[in-house]
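Engineer: I have a structure here, written as structure tokens, and I will follow up with some questions on it.
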Amino acid sequence: MKRKTREQKAIESYIDSNGSRCVYCKSKNIEGGDTEFDGSKIFQNCRCNACDKEWTETYSLTGVNLEEPIPEPPNSIRFIKSLRKGKTNEDTVNTLAKEK
């Protein structure tokens, strides 16, 4: 098993602190700067006011919280999907009729 470098340990510690302490000196006197969006990631420049070091945070999408439930598809879409699943027309029509 490979040993972790100082850099890897510092980054893990920074992430564990939820980005609340400087990666280099552990000061809480840090600030976030501008953000940039690049495809599937967001980057934010950060700076420590205690040691004057800078680094870039990288954010990626990890989940979605829906504000509203996703509506049911219209009957015509359910009909087509059921045909693709190999159900017969009669089965599908009976299923849709029961839902009304």
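The values are calculated or read from the model by the stated rules, or taken from the named source; none is laboratory data. Being a predicted model, the structure only gives us computed values, none of them experimental. Neighbour counts run over all protein chains shown; Cβ positions are idealised from the backbone, glycine included.
Engineer: Hey, Glu72 hits all of (1) under 18 Å from Ala10 (Cβ atoms); (2) free of Cβ contacts under 8 Å to residues at least 12 places away in the same chain; (3) among the charged types (D, E, K, R) but one; which does it fall short on?
Structural biologist: Status for Glu72: all satisfied but (1).
Engineer: Shifting gears a bit: Within the set of pairs 6 or more residues apart or between chains, which connect a residue that is of a type in the set (A, V, I, L, M, F, W, C) inside region 1-12 to a residue that is in a loop (DSSP other than H, G, I, E, B) with Cβ atoms less than 7 Å apart?
Structural biologist: Going by the 7 Å Cβ cut-off, the qualifying pairs are Ala10/Val23; Ile11/Val23.
Every residue, every condition in (1) exposed (fewer than 11 other Cβ atoms within 10 Å of the Cβ); (2) outside any loop (DSSP other than H, G, I, E, B), yes or no:
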position: Ala10; (1), (2): no, yes
position: Asn18; (1), (2): yes, no
position: Arg21; (1), (2): no, no
position: Thr35; (1), (2): no, yes
position: Gln44; (1), (2): no, yes
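Engineer: State yes or no: is Thr58 at pLDDT below 90 and closer than 30 Å to Thr35 by Cα?
Structural biologist: Against the criterion (at pLDDT below 90 and closer than 30 Å to Thr35 by Cα), Thr58 does not qualify.
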